[in-house]
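See below for the structure under consideration.
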Amino acid sequence: MVDYESAFKAAVKAVKNEGRYRVFADLERCKGKFPQAIYHGPTVRKEVTVWCSNDYLGMGQNDHVANAMKAAVDKVGAGAGGTRNIAGTTHYHVRLEEELANLHDKEAALLFTSGYVGNEATLSTLGRVLPDCIILSDEMNHASMIQGIRGGKSPKLIWRHNDLQHLESLLQDLPADKPKIIAFESVYSMDGDIAPIEAICDLADKYNAFTYLDEVHGVGLYGHKGGGVAQRDGVQDRIDLIEGTLGKAFGVMGGYIAGSSSVIDAVRSYASGFIFTTALSPVLVAGALESVRFLKKAGDLREKHQERAARMKTILSEAGLPVMPSVSHIVPVFVGDPVRCKQVSDVLLDEHNLYVQPINYPTVPKGTERLRFTPTPLHTDDHIEQLKIALDKVWNEFDLKRGAPENNLRLRN
């Protein structure tokens, strides 16, 4: 007789034994006070400063966004009423897709319930629709991309992270008449590095490959309209399909793709993850629509965001803390041990009222565990100073290694 409960308990115990069991912090964000939140702990209720939110610009607290959502629920109610194919395509969905296509200067866009679903549904569909397709995937691509590629059942080749020479060597060995997709991200969110998008596009042109770019950590934050790193670098028109999210810089929920009308229509017609999923609530879509419109004109907010990240990297580095190299808004601080990483996070929360989640395997390779900080335009100089003092104290308490992390920490398993 199968003992199902014992199997589940053993699986959880294995994670705990490795020191990577995840405990979710019970937080209640305070409207108008971001990055402050109320932490509901086992024995205490207190205000804390949030340092790891992907609401990079605080748009989840923005009055324009909140008011748009209130107006929508009063006007049309809470839910979409079904899948997009049956009853779930509201006028809000149509307007947001038009706005997103414009954001990226593409012909069309398509909404999904999350960025994860967008990647999984789209890449699996491309793999099925393009006959004999071969997908070349950066080794650090997000789990949603990996799952989508697997779902499409196309042959895949993994190229070393941001290694153009390796990518070209793989492309050279492929038949010229085979469909090829180069799938990669703009900002890799755990290290904070950025892909050489223009050079990848050059290789795509040379070998007649289709380019698929995940911009989830770039949209809203880079480019003159907030279209992402490709827009900032002037190569957005060379990307065949852009995937983005509405749940990070835009501060709401949802995912999307933007590209030519033909590719969008093909995904809309074949992707199970789109066809059989209840549509996003029009309330969420209304908020996202307002956020996209707002951020198209918010260059000053993007500049402030970059300034905060740069200042924080400088302050922490000058204090001797092991800030990992990052050319983006992500500020990773190396710990290198899952148990210690969790302990540091706990002490910061319990004793210093600072919330940052430990980042352990499988999100990052074993041995590269870190704290991942995401400063926003709403984090002040005082916030950064308080964090520096707390980290300095905790690093001394646990006798953790200081100074710049070794270069080989960026090598992948």
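The values are calculated or read from the model by the stated rules, or taken from the named source; none is laboratory data. Quick caveat: nothing in here was measured; it's all calculated off a predicted structure. Counting neighbours? That spans all protein chains shown, and the Cβs are built from the backbone with ideal geometry, glycine included. The accessibility values were calculated without ligands, DNA or RNA, using every heavy atom of the protein model including side chains. Shrake-Rupley method; radii C 1.70, N 1.55, O 1.52, S 1.80 Å.
Checking PHE276 against (1) open to solvent by 10 Å² or more (accessible area, probe 1.4 Å); (2) among the hydrophobic types (A, V, I, L, M, F, W, C); (3) in contact with a Leu (Cβ under 8 Å, 6 or more places away or on another chain); (4) farther than 22 Å from SER328 by Cβ, which test does it fail?
Against the list (1) open to solvent by 10 Å² or more (accessible area, probe 1.4 Å); (2) among the hydrophobic types (A, V, I, L, M, F, W, C); (3) in contact with a Leu (Cβ under 8 Å, 6 or more places away or on another chain); (4) farther than 22 Å from SER328 by Cβ, PHE276 comes up short only on (3).
Which one of these does VAL347 not meet: (1) in a helix (DSSP H, G or I); (2) surrounded by fewer than 14 Cβ atoms within 10 Å (Cβ to Cβ)?
Unmet condition: (2).
Can you tell me which residue in region 187-197 is surrounded by the most Cβ atoms within 10 Å (Cβ to Cβ), limited to those that are touching a residue at least 40 places away in the same chain (Cβ under 8 Å) and farther than 18 Å from ARG372 by Cα?
Only one residue tops the list, namely ILE197.
Which ones in region 292-322 are within 28 Å of GLY336 (Cβ to Cβ), touching a Pro at 6+ places or on another chain (Cβ under 6 Å) and of a type in the set (D, E, K, R)?
Residue satisfying the conditions is ARG308 alone.
So, VAL364, is that one of a type in the set (A, V, I, L, M, F, W, C), touching a Cys at 6+ places or on another chain (Cβ under 8 Å), within 15 Å of MET190 (Cα to Cα) and touching a residue at least 24 places away in the same chain (Cβ under 8 Å) or not? I'd like the intermediate steps shown before the answer.
On the way: of a type in the set (A, V, I, L, M, F, W, C): yes; touching a Cys at 6+ places or on another chain (Cβ under 8 Å): no; within 15 Å of MET190 (Cα to Cα): yes; touching a residue at least 24 places away in the same chain (Cβ under 8 Å): yes.
Spelling it out, it is not the case that VAL364 is of a type in the set (A, V, I, L, M, F, W, C), touching a Cys at 6+ places or on another chain (Cβ under 8 Å), within 15 Å of MET190 (Cα to Cα) and touching a residue at least 24 places away in the same chain (Cβ under 8 Å).
Select from region 75-100 the residues that are touching a residue at least 40 places away in the same chain (Cβ under 8 Å), open to solvent by 10 Å² or more (accessible area, probe 1.4 Å) and of a type in the set (A, V, I, L, M) and list them in ascending order.
Passing the criteria: VAL76, ALA78, ALA80.
Which count do you get for residues in region 27-57 that are of a type in the set (S, T, N, Q), out of contact with any helix residue (DSSP H, G or I) (no Cβ under 9 Å at 6 or more places or on another chain) and in a strand (DSSP E or B)?
1
If a residue must be of a type outside the set (D, E, K, R) and open to solvent by less than 20 Å² (accessible area, probe 1.4 Å), how many such residues does region 135-153 contain?
9
Please give the strands (runs of 3 or more DSSP E) falling wholly within region 95-185 in which 2 or more residues are among the small types (Gly, Ala, Ser). Write out each step before concluding.
On the way: elements: 108-112, 134-138, 156-159, 180-185.
The strands (runs of 3 or more DSSP E) meeting that bar are 108-112.
Would you say TYR256 is within 21 Å of THR89 (Cβ to Cβ) and in contact with an Asp or Glu (Cβ under 8 Å, 6 or more places away or on another chain)?
yes
Identify, from the list LEU378, LEU348, the residue that is touching a strand residue (DSSP E or B) at 6+ places or on another chain (Cβ under 8 Å) and more than 14 Å from ARG402 (Cα to Cα). Please lay out each step first, then the result.
Numbers: LEU378 fails: touching a strand residue (DSSP E or B) at 6+ places or on another chain (Cβ under 8 Å).
Of LEU378, LEU348, the one residue that is touching a strand residue (DSSP E or B) at 6+ places or on another chain (Cβ under 8 Å) and more than 14 Å from ARG402 (Cα to Cα) is LEU348.
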